[in-house]
């Protein structure tokens with residue numbers, strides 16, 4: 001049984017409330033899927049062809065994906081942390097290096113960052129354009145970024161489902 005509180009029912013029925021609620025829900029679901037996992041299992045990659053696919057790696061990836069879309073793309077900042085380490089030869093340092101950090105520390109950083117971004121984005125209209133366009137030059141706005149983060153987080157929650165079942169048999173979180 002999970003102790004992480006989450007709901008997918010927005011407090012009001014406007015578009016903004018829907019997007020924020022679903023993003024919060026998918027983020028909280030990622031955290032809930034980690035509850036009760038042993039430190040060793042959190043670092044273990046049970047898929048032989050995917051050595052970076054660990055619970056720690058996925059939580060780290062989610063954190064840095066949020067950072068990329070909010071701080072770099074939307075606000076126009078320079079890549080920092082794991083984003084600054086990415087190269088064509090090492091495109092996933094956030095997943096590779098995550099096994100060196102305990103899962104509770106990764107989860108705390110992810111939750112703190114999520115709360116900070118929630119506060120930061122609250123002052124922007126959904127139609128606010130991002131400071132940076134997509135790689136193909138297509139402009140995007142906050143609405144698109146929120147939709148994208150919901151999709152990305154929900155997709156990786158599916159990966160967390162599979163990993164948990166393979167690691168310790170837990171399902172249905």
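Values in this text are rule-based calculations from the coordinates and carry no lab data. Just so you know, these numbers come straight off a predicted model, no measurement behind them. Neighbour counts are summed over all protein chains in view; Cβ atoms, including those assigned to glycine, are modelled from backbone coordinates with ideal geometry.
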Inset, instruction - Calculate how steeply helix 103-121 sits against the longest principal axis of the alpha-carbon atoms of the chain, using the helix alpha-carbon long axis, and give the answer as 0 to 90 degrees to the nearest 10. - result: 10
Legend entry - Cα gyration tensor category, rounded, prolate or oblate, for segment 22-113 with a/c compared to 1.5: oblate
Legend entry - Using alpha-carbon coordinates, inclination of helix 55-67 to the longest axis of the chain, degrees: 10
Legend entry - Between 0 and 90°, nearest 10: helix 15-32 axis offset from the chain longest Cα axis: 20
Inset, instruction - As a check on your grasp of the helix formula, calculate [θ] at 222 nm for the chain: sum -39500 (n - 2.57) over DSSP H runs of n ≥ 4, divide by the residue count, round to the nearest 500. - result: -16500 deg cm²/dmol
Inset, instruction - Output the peptides 86-92, 37-43, 129-135, 140-146 sorted from most to least packed, where packing is the average of other Cβ atoms within 10 Å over each peptide's residues. - result: 140-146, 37-43, 129-135, 86-92
Inset, instruction - Specify the residue with the greatest mean-square fluctuation among 50, 60, 114, computed from a Gaussian network of the chain linking alpha-carbon atoms under 10 Å apart. - result: 50
